[in-house]
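These notes are about the structure you will find just below.
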Amino acid sequence: MPKVSERLPPHLDIRPLTSSAFAPFGEVIEADPASMRLINGGTTERFHALAATEATGEGARVIINLFRGQPRSFPYEVTMMERHPFGSQSFSPVSGRPFLVIVSEDENGRPGRPQVFLARGDQGVNYRRNVWHHPLMALGQASDFLVVDRDGPGNNLEEYFFEPPYMIKEPAP
């Protein structure tokens, strides 16, 4: 009979998304007062240069997309991670709903133990080029996201599948 620890996937804790905790993976996109500039005759606050896009390779370009993420069911098994070797990828919620962000540091060409962050509905993230992350994790209901990433020739997707998977409990409201 297998031990209990062999039957249950490792559990991942969910932490609030902060700029400092997310720094190894990219930038948190949010209204940062330190970056604010008044423009348009003082009628508009511009929160400047919150993230930098990356698009490498001949024929590459930065594009803007709208993704509609379907909500995930919990408990949720994290079975895989992906990364994009030729470009960054940012996700900013248009629906104003919270979502989960799952990232891993690279360990010899594969993702290490995932870290899980709860992003508020007014926060987005920019994954740097080659950062391991889980695909979009909408919560509660279908949610729209403005996504900025790379388009162009070359295979810009690498996937890794965990065995055993990791487990996430439902985020607290």
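The values are calculated or read from the model by the stated rules, or taken from the named source; none is laboratory data. Computed from a prediction, not measured in an experiment: that's the story for all the values here. Neighbour counts are summed over all protein chains in view; Cβ atoms, including those assigned to glycine, are modelled from backbone coordinates with ideal geometry. Areas reflect the complete protein model, heavy atoms only, side chains present, ligands, DNA and RNA absent. Shrake-Rupley method; radii C 1.70, N 1.55, O 1.52, S 1.80 Å.
So with the 1.4 Å probe, I'd like the accessible area per residue for the chain, rounded to whole Å².
Computed with neighbouring chains in place, this is 56 Å² per residue.
Starting from the Cα-Cα distance between Y160 and S20, subtract it from 0.36 nm times their residue separation and give me the gain in nm to one decimal.
Taking 0.36 nm per residue and subtracting the Cα distance, the gain is 47.8 nm.
Counting only protein heavy atoms and using a 1.4 Å probe, what share of the accessible area of the chain belongs to carbon plus sulfur, as a whole percent?
51
List the GluC sites (Glu not before Pro) within region 77-168 that DSSP assigns to loop and that have no more than 14 neighbouring Cβ atoms inside 10 Å.
Within region 77-168, the qualifying GluC sites (Glu not before Pro) (loop, at most 14 other Cβ atoms within 10 Å) are E105.
Report the net charge of residues surrounding E54, where surrounding means a beta-carbon distance below 10 angstrom and charges are Lys +1, Arg +1, Asp -1, Glu -1.
Here the count lands on +2.
Within region 1-74, which GluC sites (Glu not before Pro) sit in a loop by DSSP and count at most 12 neighbouring Cβ atoms inside 10 Å?
E58
Hey, in the GNM for the chain with a 10 angstrom Cα cutoff, which one of G109, G124, G152 fluctuates hardest?
G109
Could you check which residue among P75, P93, P33 shows the biggest mean-square fluctuation in a GNM of the chain with a 10 Å Cα cutoff?
P33
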